[in-house]
Amino acid sequence: MKNIVLVGFMGSGKTWVGKLIAERTGMPLLDMDALIVERAGKPINDIFAEDGEPKFREYERELVKELSETEGNIISTGGGIVLNPDNITDFEKKGLVVCLLVDAESVLDRVRNDDTRPLLAGDKEKAIVELLDSRKELYEALTHKIDTSGRPFPPVQTAEEIIALYESNKS
Ligand code: S3P
């Protein structure tokens, strides 16, 4: 059985959508950020501050290699997974990769009170607009996309659309 791999910018709803799909299908949910935090023994903010972003990307890359060999899981990735095209190539071998698209306004709404994302420290709106702009093409190049901008919380509709897509792509 294939994995379902959720990709998308910060605040696109990957984790919540993953939880809803897990509830409905019984498939286990693996959250990459949570696994990296567990293994590094410190929060994402500390990994970035103490080890630097390149080290975080290495942890991420190693985990992709490992998880892309598994089957039947829902994998919620970090927003920067698209920065290395090998990550997507690896996940596509045994997984249905679905990208949740989102506009800057919706991201800001969803992460306004969140301080766990080092790349959004300082002027959040500016960071979101610039980072989203620099990555937009990478997200839009993916085969399966759902625009979640302005959709209500919890993202039930998005979860149901992904389950339907998975059912029709199962083999
Ligand atoms: C990042 C997204 C974060 C986390 C890290 C870097 C990014 O994950 O991996 O802060 O580069 O977009 P979420 O997308 O789950 O917030």
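The residues in the range 93-108 that are of a type in the set (D, E, K, R), without any contact (Cβ under 8 Å) to a residue 40 or more places away in the chain and more than 26 Å from Tyr166 (Cα to Cα) can be counted, and the count is 0. Any residue that is within 12 Å of the ligand (Cβ to nearest atom) and aliphatic (A, V, I, L, M) - is there at least one of those in the range 85-98? No - not one qualifying residue is present in the range 85-98.
Of the residues Asp123, Asp90, Asp133, the single one that is among the acidic types (Asp, Glu), out of contact with any Cys (no Cβ under 8 Å at 6 or more places or on another chain) and buried (at least 18 other Cβ atoms within 10 Å of the Cβ) is Asp90.
With the requirement that a residue be at positive phi and within 15 Å of the ligand (Cβ to nearest atom), what does the range 39-58 give you?
Quick first cut of the range 39-58, residues at positive phi only: 41, 52.
The one that is at positive phi and within 15 Å of the ligand (Cβ to nearest atom): Gly52.
Would you confirm whether or not the range 59-79 contains a residue that is assigned to a loop (DSSP other than H, G, I, E, B) and near the ligand (Cβ under 9 Å from one of its atoms)? Yes - at least one qualifying residue is present in the range 59-79.
Within the range 111-120, if we keep just the residues that are within 10 Å of the ligand (Cβ to nearest atom) and not acidic (Asp, Glu), the residue that is surrounded by the most Cβ atoms within 10 Å (Cβ to Cβ) turns out to be Leu120.
Scanning the range 66-92 for residues that are under 20 Å from Ile21 (Cβ atoms) and of a type in the set (D, E, K, R) turns up Glu71, Glu92. Of all residues in the range 3-26, those satisfying the criterion of being surrounded by 19 or more Cβ atoms within 10 Å (Cβ to Cβ) and in a loop (DSSP other than H, G, I, E, B) are Phe9, Met10, Gly11, Ser12, Gly13.
Each value in this text was obtained by applying a stated rule to the coordinates, not by laboratory testing. Keep in mind it's a predicted model, so treat the numbers as computed, not measured. For neighbour counting, all protein chains shown are included, and Cβ atoms are generated from backbone atoms with ideal geometry for every residue, glycine included.
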